[in-house]
Amino acid sequence: MTENTLRARLCAWITEHQLEPGMRLPSERALAAEFGSSRSSLREAIQQLISSGMLISKRGGGTWLRQPQQPWSEQRIVEPIRQLLAEDPDYRYDILEARHAIEASTAWHAALRATESDKEKLSFAFDALLKIKQSDDADLAAQADLRFHLAIAEASHNVVLLQTMRGFFDLLQSSVLHSRQRMYTHPVIFNRLNEQHQAIFDAVMAGDAEAARQAAMDHLGFVHTTMKTLHEDEARQARITRLPGHQ
């Protein structure tokens, strides 16, 4: 297989799997196995796409689909919030509150407005989410989770809500990743989250707007409460380890 052919196949794979800017590609080993190519050939194809501006490589962090040039909302709204989050991780709860408000609306409108094409894309995203297991890479799991929620936003056909979701893509991805790292290691919580995603999916597919809105609110309310509980438990354990005589 020539490098040009491999590059074309990689581009097609990205399109087929509906990867969006900011999402990470699987490992070189996994992609080489997918295409039946050597890792050196795949690496060269990836390098060509990096040179063309389609992909970006992060040292120690894999290869990602490059974000487009930062729009005004990214520079004036998202970036300042990102800086706040870096200084104080507790701002993640503000992000969850924002998601709570936005996604209750997107789920409502998606249930009323989703076309057959929207439902097909949502089904694809939901199937990908179901394939995620507790042992899977948390970063890829976060992408599958976020892609599911973005598919609902797209099905809402509300440009303002959709652009808001897209504008906060990185922040939402960080929020979802943090949630998964903290919660998806607990089997009971893992199962509850899967049930909640199922409820949102079923309501949107059935066109039940009120059930979709409520399912989205229940889901994000559960995430918010569970994250706070886990954080408080960890803080309590940290205080215990600082007690005199603790070993």
**Request:** Report the accessible area of Arg82, computed with a 1.4 Å probe over the heavy atoms of all protein chains in place, in Å² rounded to the nearest 10.
**Result:** 70 Å²
**Request:** Please find the FRET efficiency linking Phe222 to Ser38, where r is the Cβ-Cβ separation and R0 is fixed at 35 Å, and quote it to the nearest 0.05.
**Result:** 0.15
**Message:** So for each of 212-220, 225-233, 20-28 I average, over its residues, the number of other beta carbons within 10 Å; can you give me the resulting order with the highest mean first?
**Reply:** 212-220, 20-28, 225-233
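What net charge is computed for the residues neighbouring Gly36, neighbours being all others with C-beta under 14 Å from the C-beta of Gly36, Lys and Arg scored +1, Asp and Glu -1?
Values: positive: Arg9, Arg29, Arg39; negative: Glu28, Glu34.
So the environment of Gly36 carries a net charge of +1.
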**Message:** Below 9 angstrom from the Cβ of Ala153, what's the summed charge of the other residues (Lys, Arg +1; Asp, Glu -1)?
**Reply:** -1
**In Hz, Karplus ³J(HN,Hα) per residue of the stretch 8-21 (6.51, -1.76, 1.60; θ = phi - 60°; x = Gly, Pro)** = 5, 5, 5, 4, 5, 5, 4, 5, 4, 8, 6, 5, 10, x
**Asked** What does the charge dipole of the stretch 1-57 about its Cα centre add up to, to the nearest 20 debye, if the Cβ of each Lys and Arg holds +1 and the Cβ of each Asp and Glu holds -1?
**Response** 120 debye
**Fill in**
Rounded to 0.05, the calculated FRET efficiency for the beta carbons of Val188 and Thr115 at R₀ = 51 Å is 0.90
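The values are calculated or read from the model by the stated rules, or taken from the named source; none is laboratory data. This structure is a prediction, so every number in the text was calculated from the model and none was measured. Positions of Cβ are generated from backbone atoms using ideal geometry, with glycine treated the same way; all protein chains shown enter the neighbour counts. The accessibility values were calculated without ligands, DNA or RNA, using every heavy atom of the protein model including side chains. Shrake-Rupley method; radii C 1.70, N 1.55, O 1.52, S 1.80 Å.
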